[in-house]
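Below is one structure; the comments refer to it alone.
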Amino acid sequence: MVEPILTIVVPCYNEEDVLSETVNQLNEVLNNLIEEKLIAGQSKILFVDDGSKDKTWSIIYKESLKNNRVHGLKLARNVGHQNALLAGLVAGKTSSDCVVSIDADLQDDVNVIREFILKFKEGFDIVYGVRGKRDTDHVLKRTTAEAFYTMMQKLDVNLIYNHADYRLMSKRAIGELEKFEEVNLFLRGIVPLIGFPSTSVYYDRKERFAGETKYPLKKMLSFAFEGITSFSVTPIRFVLLVGFLSFFTSLLFGSYFITLKFIGETETGWTSLITSIWLIGGLQLISIGLIGEYIGKIYKESKRRPKYIVDIDTYNLTQQLTERDVYVDSIGQNRRELL
Ligand code: UDP
Ligand code: MG
């Protein structure tokens, strides 16, 4: 029987502390799966270096020389987790039947990949890794993350609760994913939109093996905001609603004050005046800011900039190199050795 070729895609940004361990663990998983005849012998691990400033790329490159299952894709600069992941999926798709994406920090249980494969063989195109317990996450991270998922659900955005970017996708699912041309990439929101048969596998999230989180609070909040404004226009409708409410309230108050004036009981009125100025001013600023946010998105989308640029790719090196390719590659080789 022909077994599927699997590529495990790992986006890495300044991960020198964990990388060797990640290589070992993923390599072991891959070897076991190959031995079990669940996947084909050509299966690989693809590390995407998202413009790291530390030794991440040289570790990847050295590993790729030692182990022919390990490959690297070096992006020309840091483009963020989501874009780096997409780069890996698109590269991985070319020579595999399914791709699993996983973070470099070993927080997600690597043994679950086996279950992913079993589900894939049952015919599922997308298998989501869902965190059962998040005890090891910092309480702030856990509560903000859970609040985020709940809010997204309230806003009618179809997200898988407690699923991050640990998932399996089939070749054809990635093909469809590539057709989503948006620049403001939020994969967790887009993948469920594909609509192919999908299922979930549950696991417990562990602590980061080493190194620090690349998502401090500020980045996390902006990621959440990005997710909301990329997928939902409810906030903008909410502003409209608040606008209407404040308009009718001010009508009510207006008529109340006019009646008072006719009865002759007018107040000096400074307090109410100043509060309403601030209130309305604030509301207007919020509305303009929020609308600006959407316009900003339109602005970015309209430029259609490439989402990432590949510098070095040891994954899709052609098998039969022509003389010219060898020459071009020798320059690439020099460049790799510069690192
Ligand atoms: N990452 C990346 N580019 C970035 C930031 C992060 O490729 O600009 C990678 C990082 O190396 C890791 C994954 O994205 O493999 C998730 O990051 P992290 O574990 O720091 O996030 P957390 O688990 O704390 O949310
Ligand atoms: Mg992590």
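The values are calculated or read from the model by the stated rules, or taken from the named source; none is laboratory data. Bear in mind the structure is a predicted one, so any value in this text is a computation, not a measurement. Glycine also receives a Cβ, built like all others from the backbone with ideal geometry; neighbour counts cover every protein chain displayed. Heads up: the accessible areas ignore ligands, DNA and RNA and are worked out on the full protein's heavy atoms, side chains in. Shrake-Rupley method; radii C 1.70, N 1.55, O 1.52, S 1.80 Å.
Quick notes
- In this structure, Leu89 does not qualify as open to solvent by less than 40 Å² (accessible area, probe 1.4 Å), at positive phi and either out of contact with any Pro (no Cβ under 7 Å at 6 or more places or on another chain) or not aliphatic (A, V, I, L, M) (or both).
- Scanning the stretch 38-57 for residues that are open to solvent by 30 Å² or more (accessible area, probe 1.4 Å) and either out of contact with any His (no Cβ under 7 Å at 6 or more places or on another chain) or within 16 Å of ligand 2 (Cβ to nearest atom) (or both) returns Gly41, Gln42, Lys53, Asp54, Lys55.
- Yes/no for Arg237 being farther than 16 Å from Leu159 by Cα and either surrounded by fewer than 16 Cβ atoms within 10 Å (Cβ to Cβ) or at pLDDT 85 or above (or both): yes
- Subset of the stretch 1-28 (residues that are open to solvent by 30 Å² or more (accessible area, probe 1.4 Å), within 16 Å of ligand 2 (Cβ to nearest atom) and of a type outside the set (Ser, Thr, Tyr)): Asn14, Glu16, Asp17, Glu21, Gln25
- If the condition is being closer than 15 Å to Ser230 by Cβ, in contact with a helix residue (DSSP H, G or I) (Cβ under 7 Å, 6 or more places away or on another chain) and in a helix (DSSP H, G or I), then the stretch 283-307 contributes Leu290, Glu293, Tyr294, Lys297.
- Criterion applied to Asn83, Asn31, Asn78, Asn67 was being within 17 Å of the chain's Cα centre (by Cα) and surrounded by fewer than 18 Cβ atoms within 10 Å (Cβ to Cβ), and the one residue passing it is Asn78.
- Any hit, the stretch 83-97, residues being in contact with a helix residue (DSSP H, G or I) (Cβ under 9 Å, 6 or more places away or on another chain), free of Cβ contacts under 8 Å to residues at least 40 places away in the same chain and farther than 18 Å from Ala210 by Cα: no
- Complete set of residues in the stretch 136-167 that are in a loop (DSSP other than H, G, I, E, B), more than 23 Å from Val10 (Cα to Cα) and touching a residue at least 40 places away in the same chain (Cβ under 8 Å): Leu155, Asp156, Val157
- Candidates Arg188, Arg172 - the one that is away from ligand 2 (no atom under 16 Å from the Cβ), of a type in the set (D, E, K, R) and assigned to a helix (DSSP H, G or I): Arg172
- Residues (crowded, with 19+ Cβ neighbours inside 10 Å and charged (D, E, K, R)) located in the stretch 177-196: Arg188
- Of all residues making up the stretch 77-107, the number that are among the charged types (D, E, K, R), within 8 Å of ligand 1 (Cβ to nearest atom) and over 13 Å from Ile8 (Cβ atoms): 1
- Residue check, Gly129 within 16 Å of ligand 2 (Cβ to nearest atom), surrounded by 23 or more Cβ atoms within 10 Å (Cβ to Cβ) and small (Gly, Ala, Ser): yes
- Condition met for Ile102 (within 23 Å of Gly211 (Cα to Cα) and buried (at least 24 other Cβ atoms within 10 Å of the Cβ)): yes
- Annotation: of all residues in the stretch 137-173 being closer than 22 Å to Asp97 by Cα and in contact with a strand residue (DSSP E or B) (Cβ under 6 Å, 6 or more places away or on another chain), the one that is surrounded by the fewest Cβ atoms within 10 Å (Cβ to Cβ) is Asp165.
- Here Ser96 fulfils each of the conditions (1) among the hydroxyl-bearing types (Ser, Thr, Tyr); (2) within 15 Å of the chain's Cα centre (by Cα); (3) surrounded by 20 or more Cβ atoms within 10 Å (Cβ to Cβ) apart from (2).
- Flag for Asp135 being over 21 Å from Gly175 (Cβ atoms) and within 13 Å of ligand 2 (Cβ to nearest atom): no
- Every pair of residues 6+ apart whose Cβ atoms lie under 8 Å, when the first sits in the stretch 243-257 and is over 13 Å from Ser276 (Cα atoms) while the second is hydrophobic (A, V, I, L, M, F, W, C) and modelled with pLDDT of 80 or more: Gly243/Leu283
- Candidate set: the stretch 105-116, residues that are in contact with a strand residue (DSSP E or B) (Cβ under 7 Å, 6 or more places away or on another chain) and away from ligand 2 (no atom under 16 Å from the Cβ); chosen: the one most open to solvent (accessible area, probe 1.4 Å): Glu115
Here is a yes/no grid of residues against (1) open to solvent by less than 70 Å² (accessible area, probe 1.4 Å); (2) within 16 Å of ligand 2 (Cβ to nearest atom):
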{"site": "Tyr202", "(1), (2)": "no, no"}
{"site": "Arg208", "(1), (2)": "yes, yes"}
{"site": "Tyr215", "(1), (2)": "yes, yes"}
{"site": "Met220", "(1), (2)": "yes, yes"}
{"site": "Ser230", "(1), (2)": "yes, no"}
